[in-house]
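Here's the structure, in structure tokens; my notes come after.
The values are calculated or read from the model by the stated rules, or taken from the named source; none is laboratory data. Computed from a prediction, not measured in an experiment: that's the story for all the values here. Here the Cβ positions follow ideal geometry from the backbone for every residue, glycine too, while neighbour counts run over all protein chains shown. With ligands, DNA and RNA removed, areas are computed over all heavy atoms of the protein, side chains included. Shrake-Rupley method; radii C 1.70, N 1.55, O 1.52, S 1.80 Å.
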Amino acid sequence: MNNLLNENKQWIDETWAKVEKKLKRVVGTAKYTIPSKTINGKYNDCSTEKAIGNWTNGFWPGIMWLMYDATGDEEFRESAEYGENALDMAQERFNCLHHDVGFMWLLSSVANYRVTGNEKSRNRALHAASILAARFNVNGKYIGAWQGERVCNWAIIDCMMNIPLLYWATEQMKNPSFKFIAMTHADTCMRNHVREDGSVNHIIEYDGITGEVLGKPSTQGFDVDSSWSRGQAWAIYGYVLSYIRTGEKRYLDVAKKVAHYFIAAVCSDGYIPKADFMQPDDQIDSSAGAIAACGMIEIAKAVPERESKLYLQAAINIMKALTEKQCDWSDEEDSILQNNSACWGEGVHISAMYGEYFYVEAMYKLKGFDKLFW
């Protein structure tokens, strides 16, 4: 693994320098905001009461913690703490919360606690973990997704990236219930979401009383039986994180299986993923590539040396393609990674903070920094 990183050291160093330069410029104007995307090249602000429950609101503080850990620059820390403090409004408004509380507080409060030992941050994250655990359906053995009479009985592959909050809560509280819920949900998703060929169902609908599988709605992919690339990426990274936090090899095996499908799908398209691997047009989702790259880097660390090159080389190929073709390093555009997609056919080719976060995290990993906030 180190040989491959050494071979790419010049590119990694040059790209990281561009990331650091751009984020240092942008934090000067976005310091006291929580951006979710750019509008006419400039970041918006979701730290307002109306938008504080936005599922993407942990990603900007997460970027700031990555940059603070890498550079020691206090401006990054101050911006991260502003975003975390603003999220208190969301914890006070229960109806605006959802399965994505992991995204929101892992990258803000858990990150703060890991870096500084801040007890208030620890308490915020434990509160969020309790909210996530309360969404567990005992009969269906899944964590329900959104609020609402029907959709609360939907389980979505995205939640694999939220359950690390529960693993962390068990570590902190010595209470196995959090870890039990996380592993039970992961096992249910492995059984019902991951197909035999390594592709992934985005959503499974359950009967909230009996736990019976009712169907497979399609909201973000091209079709019910298609392969939404960001869902594939959530599964790759989510399952290797479950392996890291539990040591259970079945999670590493499924992460590899989904990664193999992803690599096969992107290698003929210049390593830039389509929004859905079965779609009929040319819509891309660069965020799926960045997320998958983060997961593949962790797989490369977890497998024997003879296997690791496959995953690390794929991650580097994806990041090089994104850097060359999908990044904007100019002063006119606040965001770095362009052409993210919210879902197939909607929110097309936007700058989105989830893509930005995972691009920065992947480069942070390749640069050699090893703190894992998940």
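Quick rundown of the values:
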read-out	value
Label-to-label distance, nm, for residues given as His349 and Met1 (7 Å Cα→Cβ offset)	3.7 nm
Mean separation of Cα contacts under 8 Å, 6 or more apart, over the residue count of the stretch 221-313: relative contact order %	33 percent
Distance from the stretch 217-241 to the stretch 290-335 (C-alpha centre basis), Å	18 Å
For the stretch 228-293, size of Cβ-based charge dipole, Lys and Arg +1, Asp and Glu -1, in debye	420 debye
Estimated FRET transfer efficiency when R0 is 22 angstrom, pair Leu214-Gln147 (beta carbons, to 0.05)	0.75
Rel. contact order, % - alpha carbon contacts under 8 angstrom, at least six apart, the chain	17 percent
Solvent-accessible area, 1.4 Å probe, carbon plus sulfur percent, for the stretch 1-103	47 percent
Mean-position separation - Cα centroids, the stretch 141-168 and the stretch 67-81, in angstrom	31 Å
Above-threshold pairs, the threshold being 30 Å between Cα atoms, out of Lys174/Lys367; Lys256/Lys367; Lys42/Lys256	Lys174/Lys367; Lys42/Lys256
Taking the C-alpha atoms of the stretch 66-172, convex hull volume expressed per residue in Å³	98 Å³
Candidate lysines - alpha carbon under 18 Å from Lys274, same-chain residues fewer than 8 apart omitted	Lys320, Lys325
Cα-Cα P(r), the stretch 180-269, percent of pairs per 5 Å interval	3, 14, 24, 24, 18, 12, 4, 1, 0
Global geometry of the stretch 93-227, whether rounded, prolate or oblate, following the gyration tensor of its Cα atoms and the 1.5 cut on a/c	prolate
Cut-off under 5 Å, modelled amide H: who pairs with Cys343 long-range	none
Label point 7 Å beyond Cα of Asp73 along Cβ direction - residues of the stretch 1-39 with amide nitrogen under 15 Å	15-32
Heavy-atom accessible area per residue - the chain, 1.4 Å, Å²	38 Å²
